[in-house]
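Worksheet: one structure, shown below.
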Amino acid sequence: ALTAAPDFAEAWNNRGNALRDLERLDEALACYDKAIAAKPAVAETWNNRGNVLRDLRRLDEALTSYDKALTIRLDYGEALYNRGEIQWVDNRRCEPALRDLERAAEIDPDCDYVRGYLLHLRMYAGDWRDFDETVAYIDKGVREGRRVVEPFSYQSISESPADLQACAVIHAAHHEQADDGQRQPHLHWMRGAYM
């Protein structure tokens, strides 16, 4: 496709995704940059660029890419989630992380792990708003086999050995898919692709 159309932004983006899956991060970044040069107003490409920059530990540049994605598309839950994660996990900035994760949960409440991650961060900050309702939502999600919380976070709210085991099985199955090249959206792996 790129031989026939060297400015085909979607192909550059998808090639970047494939290279990222192969952990050829510098090559993936170059592809995202070519996609952006050809078509700069695509939020998914900026989000993907942010993901690979995070993988490269170029965190300030990753945040800038997520910011750009969000100027293009204000309701882009994945970019909010990814930016929120860097804000908390890498930079220990609780308030901006909470704002981003709350907005991501509003936009896409069923986004993998967002509700569990948000509850975990709220607990860390001593913010008990909607605690019982959120725990009930998470318990129900685990019992339905959905990716609503990660096992480590779930240990702080569940006293049910059966639910804790179910959560671990769900999480392990998710990572088995990632190991098979079927990487799913999840914390470090959120990425948009063209359909």
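Worth pointing out:
- For a paramagnetic label modelled on R92 (point 7 Å from Cα along Cα→Cβ), amide N atoms under 20 Å away belong, within the stretch 38-60, to 57-60.
- Calculated diffusion of the stretch 43-143, Stokes-Einstein form, Kirkwood radius summed over Cα pairs, 10 °C and 1.306 mPa s, µm²/s: 115 µm²/s
- At a probe radius of 1.4 angstrom, the accessible area of the stretch 37-152 per residue rounds to 47 square angstrom.
- Note: the stretch 1-63, Cα convex hull, 66 Å³ per residue.
- Percent carbon-and-sulfur accessible area, the stretch 1-122, ignoring ligands, DNA and RNA, probe 1.4 Å: 49 percent
- Percent of C-alpha pairs per 10 Å bin in the chain, short distances first: 9, 34, 34, 17, 5, 1.
- Cα gyration tensor shape of the stretch 24-90, rounded if a/c is under 1.5, else prolate or oblate by comparing a/b with b/c: oblate
- Here the Kirkwood formula, the inverse mean of 1/r across different C-alpha pairs, assigns the stretch 101-156 a hydrodynamic radius of 11.1 Å.
The values are calculated or read from the model by the stated rules, or taken from the named source; none is laboratory data. On a predicted model such as this, the values are computed, not experimentally measured, just so you know. Note: ideal-geometry Cβ built from the backbone for every residue, glycine included; neighbour counts use all protein chains shown. Calculation scope for accessible area: heavy atoms of the full protein, side chains included, ligands and nucleic acids excluded. Shrake-Rupley method; radii C 1.70, N 1.55, O 1.52, S 1.80 Å.
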